[in-house]
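Let me begin by presenting the structure, written as structure tokens, before commenting on it.
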Amino acid sequence: MDIFLQQLINGLTIGSLYALVALGYTMVYGVMKLINFAHGDLVAFSAFVGLTIYTQIFGEGVTSIVAVVTVFSFTAALIAMVGVLLERLAYRPLRTAPRLSAVVSALGAGLVIQNAVMLIWGPNMRVFPSNLLPSTVYEFGGVVFTFTQVMILGLSSILMVALYIFINRTKIGTAIRAVAIDQDAARLMGINVNRIIMIIFIIGSALGAVAGLFLGIYYRGITFDMGWQYGLNAFVAAIMGGIGNIPGAMVGGLILGLFNAMISGYISSQWAEAFTFILLIAILIFRPTGILGEKVAEKV
Amino acid sequence: MKGLFSKFATTAAVGMALVSATYAADVVKIGVQAPITGQYANEGQSIDYGVKLIAEQYNAKGGILGKKIEVVSCDDEGTAQKAAICARRLVNEGVIAVIGSYTTGATEAAQTTYFRNKVLQTSDGTGDSLTKHKYWTFFRNSFQNSAQAEFTADYFVNVKKYQRIAIMSDYSSYSTGLADAVVSELKKLNANIIAVEKIKAGAQNYTATLTKLKSLNPDVIYYAGYYNEGGLLRAQQLQLKIDADYVGGDSNDNPDFIKLAGDSAVGSILVNFPTPEFLPYDTAKKFLADYRAKYNQEPASIWALMNVDGMLAILHAMEELKTEDTKKISDFLHTLVDFPGITGPVSFREDGERVNTKFNVYQIQDDKTYKIIY
């Protein structure tokens, strides 16, 4: 039983990180029908930015709430700005172009970010200091978890709930949903579509930045090319949950993390990836729009 | 207009041909194929730096056979796809020998291209498969996985007397090769292997697999992969409070292992050829001093030095034979005995295998230094 609980915690931790990244994909897709392939690289970028902010302002070896709050808020703000810039430079000029052009532009933007990270911070792996968050370990009857894991689960749940409320209960959230349904109609209703898209990129990139920082803190080693792998997993999570659907991305991320952990734990880690994709195919066969995806008539 | 263009094109082509012809006569080109960026970047850079340092030293003394050595580097990122591209590029550049690559997989992908084009290659890759084709162009400057496996199995069973052994590897040809070799050697000694697991390199999260191992109560976890995963495995092992020794194969030996594992690195055990600071030879001390003076850092690990030894042996053969004919150099190297290299005497067998196997077991101490324990 304790082994099962341990796998549950392992899976939830990585799953909530996938979910945070998946939100970035799904929100952009929901509004612009564009797969933002640069998102994964933005996540990697944020890990490097966070590391630099931490070591430059506080120096290694400092554990304080001030440091944690500063690193997270500065990084999120900076990455949000980069996200907005990305939209302005790489996507807005192509908004009326065929969808394929925008996807190619997204792939190109991803390469630009990845190589910029490599040129700024070098091709070597960089290592996060181990003491940004206290390294306390809790143990309850054979189940072990760390303070970092509690932080990851706690903060990502708070962020996801907050996002859900924001989208469903506020005026801007309503506008976002309106733009997602029909951009032209929304514009006729007096909604500033450009502003909504900017807000989407701010939120998506900031959530990605939080995920990137947690990846750095939890796994310690960060490389300039790590974005692709996490991006791909999160992308799969977004599709599983139903791309364009915000609770879907959260559910998809958690399912992906849990499923991976359970397969690795009870069958074999060699099969984890194969089974994950079997699950994806099965979901897409029985629910082509994903677990929580809504039926959209125009989709073929 | 057309006439003008073709005239221009001809002039340019003739000019280029002239330039490359004079160029080729003046220099001896040595290629470096190494993972200069990507996961194994610091190993790849050390190889590149080491080769360039030797080339510089030779050039300062007037080069080789009266010609300057020119180093052409190609980054294979540690992947087979990029390695194949590098192989073509280096062959087109007209190198006579290639130093590298670091990983078995990348080396294997490039091997055949070098063989077909009669370009010598020397690599530290330890996968047994590298010498199975018996290419006369290939020289391994390190040791075979099977030799390391035999040593490791003997150490586990006869020295440490482990009762419950868990083996892990990634999917690379080096890592699976080493893990398979260790498993078969352990079986010969009737050891109790309780689990053989594979992890995906770069996935970073290995807690699921480790939790599974925890339920099996191993007294040792042996990891036959690279340092990036090794450091994380060690950290996550202790985070999950798995009370077992951690033993890493040769590729765990890298400063990044300690950086990644942090305080968890203390107590982990590594099996490898002597690391640079433990090399007793004067050649090694001089090389390390020169390396430090030029680059203001240490080479990442022993692998760069092994590759440099391969290069030194090739240059030595060229000087002895006064030729750039790769076949003659190869014949000479196949019978080379006890050439004083940086990592010890260099001798090659008929199949391009380096003759020597001297392993050590290190334990990482509280101050993150290595101590030889066997």
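The values are calculated or read from the model by the stated rules, or taken from the named source; none is laboratory data. Keep in mind it's a predicted model, so treat the numbers as computed, not measured. Using ideal geometry, Cβ is built from the backbone for each residue, glycine included, and neighbour counts are taken over all protein chains shown.
On the given criteria, is residue B:177 in contact (Cβ under 8 Å) with a residue 24 or more places away in the chain and within 14 Å of another protein chain (Cβ to nearest Cβ)?
no
If I filter region A:139-155 down to residues being loosely packed, with under 13 Cβ neighbours inside 10 Å and free of Cβ contacts under 8 Å to residues at least 12 places away in the same chain, which single residue comes out as farthest from the other protein chains (Cβ to nearest Cβ)?
A:154
Test each condition in (1) touching a residue at least 60 places away in the same chain (Cβ under 8 Å); (2) over 18 Å from residue B:136 (Cα atoms) for residue B:282 and report the one that comes out false.
The failed condition is (1).
Does any residue of region B:64-85 turn out to be assigned to a helix (DSSP H, G or I) and farther than 23 Å from residue A:225 by Cα?
Within region B:64-85, not a single residue is assigned to a helix (DSSP H, G or I) and farther than 23 Å from residue A:225 by Cα.
Of the conditions (1) on the phi < 0 side of the Ramachandran plot; (2) modelled with pLDDT of 90 or more; (3) over 13 Å from the mean Cα position of the chain (by Cα), residue A:190 satisfies every one except a single condition; which number is it?
(1)
Just wondering, is there one or more residues in region B:31-49 that are out of contact with any Gly (no Cβ under 6 Å at 6 or more places or on another chain), more than 14 Å from every other protein chain (Cβ to nearest Cβ) and farther than 20 Å from residue B:330 by Cα?
no
Quick one: residue A:43 ticks every box in (1) crowded, with 18+ Cβ neighbours inside 10 Å; (2) more than 23 Å from residue A:221 (Cβ to Cβ); (3) of a type in the set (A, V, I, L, M); (4) within 14 Å of chain B (Cβ to nearest Cβ) except a single one, so which number is it?
(2)
Give A:267, A:263 a once-over and let me know the one that is over 26 Å from residue A:126 (Cβ atoms), within 14 Å of another protein chain (Cβ to nearest Cβ) and surrounded by fewer than 23 Cβ atoms within 10 Å (Cβ to Cβ).
Going through A:267, A:263 in turn, the sole match is A:267.
Assuming residue A:103 fulfils every condition listed in (1) loosely packed, with under 15 Cβ neighbours inside 10 Å; (2) more than 12 Å from every other protein chain (Cβ to nearest Cβ) apart from one, which condition is it?
Single failed check for residue A:103: (1).
Residue under question is residue B:362, and the condition is that it be in contact (Cβ under 8 Å) with a residue 40 or more places away in the chain, touching a strand residue (DSSP E or B) at 6+ places or on another chain (Cβ under 6 Å) and in a loop (DSSP other than H, G, I, E, B); does it hold?
no
With region B:198-308 as the region, which helices (runs of 4 or more DSSP H) entirely inside it contain at least 3 residues that are within 23 Å of the chain's Cα centre (by Cα) and surrounded by 23 or more Cβ atoms within 10 Å (Cβ to Cβ)?
Counting at least 3 such residues, we get B:227-239, B:255-261.
Could you tell me whether any residue of region B:142-165 is buried (at least 20 other Cβ atoms within 10 Å of the Cβ), free of Cβ contacts under 8 Å to residues at least 40 places away in the same chain, touching a strand residue (DSSP E or B) at 6+ places or on another chain (Cβ under 8 Å) and away from chain A (no Cβ under 14 Å)?
Within region B:142-165 (the criterion being buried (at least 20 other Cβ atoms within 10 Å of the Cβ), free of Cβ contacts under 8 Å to residues at least 40 places away in the same chain, touching a strand residue (DSSP E or B) at 6+ places or on another chain (Cβ under 8 Å) and away from chain A (no Cβ under 14 Å)), the answer is no, since none of the residues qualifies.
Kindly list the number of the only condition in (1) more than 14 Å from chain A (Cβ to nearest Cβ); (2) touching a residue at least 40 places away in the same chain (Cβ under 8 Å); (3) out of contact with any strand residue (DSSP E or B) (no Cβ under 9 Å at 6 or more places or on another chain) that fails for residue B:139.
Answer for residue B:139: the failing condition is (3).
Here's a check for you: in region B:184-197, which residue that is buried (at least 18 other Cβ atoms within 10 Å of the Cβ) and more than 16 Å from residue B:171 (Cβ to Cβ) is nearest to the other protein chains (Cβ to nearest Cβ)?
The residue in question is B:186.
Which of the residues spanning region B:205-232 are facing chain A (nearest Cβ under 9 Å), in contact with an Asp or Glu (Cβ under 8 Å, 6 or more places away or on another chain) and not β-branched (Val, Ile, Thr)?
Within region B:205-232, B:206, B:212, B:228, B:231 qualify.
Let me confirm something: among A:279, A:207, which residue is away from chain B (no Cβ under 14 Å), more than 30 Å from residue B:261 (Cα to Cα) and surrounded by 17 or more Cβ atoms within 10 Å (Cβ to Cβ)?
Residue meeting the stated conditions: A:279.
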